[in-house]
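The values are calculated or read from the model by the stated rules, or taken from the named source; none is laboratory data. Treat the numbers as computed from the prediction; the structure is a model and nothing was measured. As a convention, Cβ positions derive from the backbone with ideal geometry for all residues, glycine included, and neighbour counts pool all protein chains shown. For the accessible areas, the whole protein counts, side chains as well, though only heavy atoms, and no ligand, DNA or RNA atoms are used. Shrake-Rupley method; radii C 1.70, N 1.55, O 1.52, S 1.80 Å.
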Amino acid sequence: MNRLPSAEVLDQVQNVPLYRASIERGDFPILEKPEIARDFPANWMTPGLARALETGEAEFVLSTGTNHARMQLIRPPYFLLHSYYRLWSEHPDLGAAWHDGARRISLTTVLATEHVARVNAANPGATSGERWLDDRTLYLNRRLDPAGWDRPEVERMLAEIREISAAHPKGSYLLDCSGYHLAHLVRKVTEWDLWDGFPPPAGIVHAYEYTPVNVRAYLRAHFDCPVIDLFGSTELGYLFYSDADGHYQPYLHGMSVELIPVEPGSSIHSLIVTSIRNPYMPLVRYRSGDCVRTRDGSTDPAEIVSFCGREKELLPTPRGPVAQADLDTRITGVTPGVFLHQLQLTADGRCRLRYTTFDDSPLQPYEESELAASITELTGRNCHVEHRTWIPIGRSGKYAWLTTADPARS
């Protein structure tokens, strides 16, 4: 099958050693992450890139490593930040507040906060504090597990939010978050009756990982503002955004996407991206590692209706692979009360669903029974449902939805 990209893409990659054989062959295979790292940076080096590195127009950076092993990249300074800000400024529900000078407060993994601190350590004096990415964005979180935030830590974060809100003539700010982290904050603010000290945001974005339907609904119930999902990655920037009603729109300037079933006959598709948005590392048919579903089950990117998790986390079952979103759909279909959940596969071919709730109370027995039956049907494994008041977070600062080991011991 001939897989030549557009003339514009070919012009961008014609001198990149990595693509030389593909150009000669007239066929570009799917680009995997290990291939990007092979012989790095020589496999990417062109005369133009060498000059850009000398002048500072290009720089080496590491991805944050929250979804996969940290990957070395080459890109223009603040490439990702500019990509983010451009979308925020153009988004139909966020743009007005952005152009009005609302600052961005980010509440996500501690690895992201530490990444910002590393950048600032390498450029002392560039910002007013180690958790300020620039003059527009502050990162709040200083701890790995948000379940462990104590009252002084929550009050510290609220005080920083109030300071940023008060600096704007209308009190506006935009809250950028992992949905889980913001939900943890909401629970603690409610428990300690601290809402008077939590100025309302002008908009909320969850953008760092798959956000379960129940968590999205929980956030919408507590904030009277648009709650938006942005989808992208460190190496690509944003590719899609949702509107306030949850419908996804493409944001593909300098990009194109194609969908390939994860296995023959599956309605889950791998997201394959071609991007020249970063001129120093143009990616042709790059496997992002993300999975999507389409409205009609086809491979038409225009029909994408959901981003359903990571390809490496698919669960093989007798009926075909199951994605994170498939389990989420089963849970949401039974109850809106589940907050965190984790499916543990056991050595005897069964599985155990561990879950927490927003109010820490266990589900009713009939709800647990219905959940167990639904997940047994989904996975082909006999499922036991188990209430917890805490589920451990991973070293990346993200929750694993699927595990084959006891997470309390890993």
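From largest accessible area down, sort GLU263, GLU367; use a 1.4 Å probe on the protein chains.
Details: GLU263 80, GLU367 30 Å².
My answer, sorted largest first, is GLU263, GLU367.
I need the chymotrypsin sites (Phe, Trp or Tyr not before Pro) found in region 134-201, filtered to DSSP loop residues with at most 16 other beta carbons within 10 Å of theirs.
Answer by residue number: TRP192.
Kindly identify region 1-155 as rounded, prolate or oblate by the Cα gyration tensor criterion: order the square roots of the eigenvalues as a ≥ b ≥ c, call it rounded if a/c is under 1.5, otherwise compare a/b with b/c, prolate if a/b is larger, else oblate.
Prolate shape, in that a/c is at least 1.5 and a/b is the bigger ratio.
Testing the spin-label approximation: label points 7 Å from Cα along Cα→Cβ at ARG142 and ARG51. State their distance in nm.
Each label point is offset 7 Å from its Cα along the Cβ direction, giving 4.7 nm.
Take every DSSP beta bridge with both residues inside the chain and express the antiparallel ones as a percent of the total, to the nearest 5.
60 percent
Subtracting the Cα-Cα distance from 0.36 nm times the residue separation, let me have the gained length for ALA217 to ASP11 in nm, one decimal.
Full extension from ALA217 to ASP11 adds 69.6 nm.
With each run of n ≥ 4 DSSP H residues scored as -39500 (n - 2.57), what mean residue ellipticity at 222 nm is computed for the chain after dividing by its residue count and rounding to the nearest 500 deg cm²/dmol?
-9000 deg cm²/dmol
Out of ALA102, ALA122, ALA323, any idea which swings most in a Gaussian network model of the chain, alpha carbons joined below 10 Å?
Greatest mean-square fluctuation among the candidates belongs to ALA122.
Name the long-range amide H neighbours of ILE304: under 5 Å, sequence gap of 5 or more, or other chain; modelled H, no Pro or chain starts.
ARG295
Which three extents, in whole angstrom, do the alpha-carbon atoms of region 182-236 cover along their principal axes, largest first?
40, 21, 18
Springs between alpha-carbon atoms under 10 Å, Gaussian network over the chain: tell me which of PRO282, PRO318, PRO77 tops the mean-square fluctuations.
Largest GNM mean-square fluctuation: PRO318.
Can you give me the distance in nm between label points at TRP195 and GLU303, each placed 7 Å from the Cα along the Cα-to-Cβ direction?
Each label point lies 7 Å from its Cα, and together they span 4.3 nm.
Working with all protein chains in place, sort GLU258, GLU377 by solvent-accessible area computed with a 1.4 Å probe, largest first.
Largest accessible area first, the list is GLU377, GLU258.
Express in whole angstrom the spacing between the alpha-carbon centres of region 309-346 and region 228-242.
Taking the Cα centre of region 228-242 as reference, the centre of region 309-346 is 22 Å away.
Given region 319-406, report the % of alpha carbon pairs whose separation exceeds 20 Å.
Pairs farther apart than 20 Å: 28 percent.
Please state the charge dipole magnitude for the chain, taken about the Cα centre, from unit charges on C-beta atoms (+1 on K and R, -1 on D and E), reported in debye and rounded to the nearest 20.
Here the chain has a charge dipole of around 760 debye.
Quick check: residue separation of GLU35 and THR317 times 0.36 nm, minus the Cα distance between them. What number comes out in nm?
Working: separation 282, 0.36 × 282 = 101.52 nm, distance 2.94 nm.
Here the answer is 98.6 nm.
Counting other C-beta atoms within 10 Å, and keeping those with at most 13, which DSSP coil trypsin sites (Lys or Arg not before Pro) do you find in region 14-44?
The qualifying sites are ARG38.
Can you give the extra length, in nm with one decimal, that the chain gains between GLN364 and THR335 once fully stretched, where that is 0.36 nm per residue apart less the Cα-Cα distance?
Length difference between fully extended and current span is 9.4 nm.
How high is the relative contact order of the chain, given as a whole-number percent (alpha carbon pairs under 8 Å, six or more residues apart)?
12 percent
Using a 1.4 angstrom probe on the protein heavy atoms only, line up TRP132, TRP98 by accessible area, largest first.
From most exposed to least exposed: TRP132, TRP98.
Using the Kyte-Doolittle scale, find the helices of the chain whose mean hydropathy is at least -0.5 and whose Cα atoms extend 15 Å or more along the helix's long axis, counting only whole DSSP H runs.
Correct list, ordered by number: 79-90, 110-122, 151-166, 179-191, 324-334, 365-379.
Looking at the calculated P(r) for the chain, what percent of the C-alpha pair distances fall above 41 Å? Intermediate values should be presented prior to the final figure.
On the way: 13899 of 83845 pairs.
Here the long-distance tail beyond 41 Å is 17 percent of all Cα pairs in the chain.
For the chain, which whole percent of the accessible surface, found with a 1.4 angstrom probe, sits on carbon and sulfur atoms? List each step's numbers first, then the result.
Details: 9050 of 18140 Å².
Result for the chain: 50 percent of the exposed heavy-atom area is carbon or sulfur.
Using the Cα gyration tensor of region 157-206, with a ≥ b ≥ c the square roots of its eigenvalues, what is the shape: rounded (a/c below 1.5), prolate (a/b larger than b/c) or oblate (neither)?
oblate
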